[in-house]
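The values are calculated or read from the model by the stated rules, or taken from the named source; none is laboratory data. Keep in mind it's a predicted model, so treat the numbers as computed, not measured. Because the Cβ atoms are built from the backbone with ideal geometry, glycine has one as well, and the counts that use them run over all protein chains shown.
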Amino acid sequence: MGDKRDDLDDLLASARDAEAPSDALIARVLADAATVQEDLQAPAPASRRGWGAWLSGIGGWRGAGGLVAATATGLMVGVYAPDSVDALLDGALTDYGVIASDELVSGWGALLDLEDG
């Protein structure tokens, strides 16, 4: 194991003693790197207007899908929640007058019932 360590020490010592690259070489490498970087810069994104701007503002199609899902969930909670919560509380909300007993919407069951029509 000592031989390998000595070989590594010798290799690192020779690397420390090596000559540094010339200033001309470093200048050429940096100039070449600057040229390559200029060629690789991405073009500015095109500005969007109308629906495209709105859609990119909310996160693209994924954001629009999430917005639609949240809207549908909110609608369903708004339609079903008062009756469900009142039923869980044994009519306490109706007794306190928080929920009126007459229904403005007959419910989705009446709209989807095809046997009566």
(message) Are there helices (runs of 4 or more DSSP H) fully within segment 23-94 with at least 2 residues that are more than 18 Å from the chain's Cα centre (by Cα) and exposed (fewer than 12 other Cβ atoms within 10 Å of the Cβ)? List them.
(response) 23-40, 60-88
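Can you confirm whether residue 116 is at pLDDT below 80 and outside any helix (DSSP H, G or I)?
Numbers: at pLDDT below 80: yes; outside any helix (DSSP H, G or I): yes.
Spelling it out, residue 116 is indeed at pLDDT below 80 and outside any helix (DSSP H, G or I).
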